[in-house]
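The values are calculated or read from the model by the stated rules, or taken from the named source; none is laboratory data. Not measured: the values here are computed from a predicted model. Counting neighbours? That spans all protein chains shown, and the Cβs are built from the backbone with ideal geometry, glycine included. In case anyone asks, the SASA skips ligands and DNA or RNA and just uses the protein heavy atoms, side chains included. Shrake-Rupley method; radii C 1.70, N 1.55, O 1.52, S 1.80 Å.
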Amino acid sequence: MENSNHKQVLTTRLVEMSILAGCSYVLMFLFIGVGSSLISSLVLIWSYYLGERAFSFTSGLKKTTLVILTMAISLMIVMSTINWLGVIPLYMNLMNMKLGFPLSTVILFGAVPFNLIKGVVVGGVFYAIKGSFLPRLKLR
């Protein structure tokens, strides 16, 4: 009877430890992803602000294009660097993964094009809808 009780306690402990380990992996993935998303959002906002100020000498489509390109290039530089230094190595360590090619190749052919495209798309969408929501954000 005592042996059966001991096995039940061990099984319960094993299940508890497995659940905690699973939760810790989920939390790590969540924090890495949310942190990356926060940084990319801040970079886009900051580069929009700087682009609007830097290209105040022009207007219209030319200004819009220059600001969107500023947003895309700054997002590409910052997020590629963060992916290279932290995000991808953290994910690889969490998943015990090894690459068969250099990390710089992943960054150059994966992160750089992705972040350029993301910067152009997000910048374009932002410019398309900014006229309707920016006036609502201004203090009266």
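Within segment 56-89, being part of a helix (DSSP H, G or I) and among the β-branched types (Val, Ile, Thr) holds for Thr64, Thr65, Val67, Ile68, Thr70, Ile73, Ile77, Val78, Thr81, Ile82, Val87, Ile88. Here Phe29 passes the criteria (1) at pLDDT below 90; (2) surrounded by fewer than 11 Cβ atoms within 10 Å (Cβ to Cβ) except the one numbered (2). Of the residues Ile77, Ile68, the single one that is open to solvent by less than 30 Å² (accessible area, probe 1.4 Å) and either of a type in the set (S, T, N, Q) or modelled with pLDDT of 90 or more (or both) is Ile68. Scanning segment 90-140 for residues that are in a helix (DSSP H, G or I), among the charged types (D, E, K, R) and either free of Cβ contacts under 8 Å to residues at least 12 places away in the same chain or touching a strand residue (DSSP E or B) at 6+ places or on another chain (Cβ under 7 Å) (or both) yields Lys130, Arg136.
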